[in-house]
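Student: Here you go, one structure.
The values are calculated or read from the model by the stated rules, or taken from the named source; none is laboratory data. Bear in mind that the values here come from a model prediction, so they are computed numbers and not experimental data. Quick reminder, even Gly has a Cβ in these numbers, built from the backbone with ideal geometry, and neighbours come from all protein chains shown.
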Amino acid sequence: MELSINNLSKTYANGVVALDDVSLDIPTGLFGLLGPNGAGKSTLMRTIATLQEADSGEISFEGIDVLRQKSEVKKVLGYLPQNFGFYPKDTGYNLLDHFTLLKGVRDKKERKAKVEELLKRVNLWNERKQKLGTYSNGMRQRFGIAQALIGNPKLIIVDEPTAGLDPEERVRFHNLLSEIGENIVVILSTHIVDDVSDLCMNMAIIDKGRIILKENTLDAMSQLKGKIWEKEIPKGELPKHEEKYDVISTRLFAGTTFIRIYSETNPENGFSNIKPSVEDVYFYHLSQAN
């Protein structure tokens with residue numbers, strides 16, 4: 001099972017190039033699409049979900065022409081957008097029952113069984129009678145996954161799913177995504193590097209509408225082995241180090257600045273070689289693209 005994207009482009013009326021000749025092959029499992037805000041992630045997700053048109057290119061999934069056979073795509077698609085609309089005065093059970101009816105499940109007994117199964121799967125059965133307006137952010141996201149799972153989709157798209165979640169809800173949501181992504185294609189679009197690091201075997205980085213990396217996640221980290229170095233410096237020395245080294249990221253901890261640089265040889269001068277992370281992969285490739 002594979003989603004294939006070939007030479008996809010989209011330019012908005014205001015001249016912004018959202019997608020610039022994007023090509024990706026996305027296999028079964030959890031696939032991470034990383035990129036800064038405004039990089040083109042949501043445009044790509046909405047295009048795959050048949051919610052907007054591309055200017056050119058092709059997308060295919062399991063023999064379906066995604067851009068032209070939209071009704072066929074919707075039969076196999078589950079979608080959790082970045083801003084999932086909900087009805088705050090309705091209960092979780094009633095709204096999911098309504099969504100299931102809209103998906104074509106007419107038989108009341110069958111629909112009841114499906115709604116119960118989905119609410120239990122996302123751990124919301126005990127909250128089924130609560131109004132959605134009382135749900136926490138994490139509960140709303142889990143409800144969003146429940147509606148995305150109606151119809152047993154083969155392709156699920158989740159757009160910025162953990163933004164705003166507390167650590168406990170984030171872990172719960174990660175576990176749910178891991179379970180879902182075992183036998184279908186799940187695309188996780190996010191700017192949160194840890195989401196991809198924790199979940200995804202394969203990843204891509206998009207910036208300014210272009211794919212700047214597509215790689216197995218472990219391989220991407222392995223390619224930077226021995227080339228990432230870290231050092232603690234006074235904050236005022238950052239400009240000097242940026243002039244001398246290929247600084248890929250900085251972080252402030254307890255009033256001290258830590259910098260990470262890319263270097264194929266030992267830069268000495270107090271730097272320590274560290275094990276590369278997905279965050280290093282992300283910042284290195286962004287720095288090379290800009």
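Student: Do you know which of the residues in segment 238-290 that are touching an Asp or Glu at 6+ places or on another chain (Cβ under 6 Å) and part of a strand (DSSP E or B) is nearest to Ala220 (Cα to Cα)?
Tutor: Tyr262
Student: Any residue at all in segment 33-51 that's at pLDDT 95 or above, exposed (fewer than 15 other Cβ atoms within 10 Å of the Cβ) and either among the polar types (S, T, N, Q) or in contact with a His (Cβ under 8 Å, 6 or more places away or on another chain) (or both)?
Tutor: no
Student: Take the residues in segment 1-32 that are touching a Ser or Thr at 6+ places or on another chain (Cβ under 9 Å), buried (at least 18 other Cβ atoms within 10 Å of the Cβ) and of a type outside the set (Val, Ile, Thr); name whichever of them is farthest from Glu62 (Cα to Cα).
Tutor: So, considering only residues that are touching a Ser or Thr at 6+ places or on another chain (Cβ under 9 Å), buried (at least 18 other Cβ atoms within 10 Å of the Cβ) and of a type outside the set (Val, Ile, Thr), the one farthest from Glu62 (Cα to Cα) is Ala18.
Student: Then there's this: Taking segment 147-181 only, how many residues are more than 24 Å from Leu102 (Cα to Cα), modelled with pLDDT of 85 or more, out of contact with any Leu (no Cβ under 8 Å at 6 or more places or on another chain) and part of a loop (DSSP other than H, G, I, E, B)?
Tutor: Going through segment 147-181 one residue at a time, the tally reaches 0.
Student: Just the residues that are surrounded by 10 or more Cβ atoms within 10 Å (Cβ to Cβ), charged (D, E, K, R) and at pLDDT below 95, please, taken from segment 247-278.
Tutor: Arg251
Student: Which one of these is in a loop (DSSP other than H, G, I, E, B), closer than 23 Å to Leu51 by Cβ and not small (Gly, Ala, Ser): Asn83, Asn123?
Tutor: Asn83
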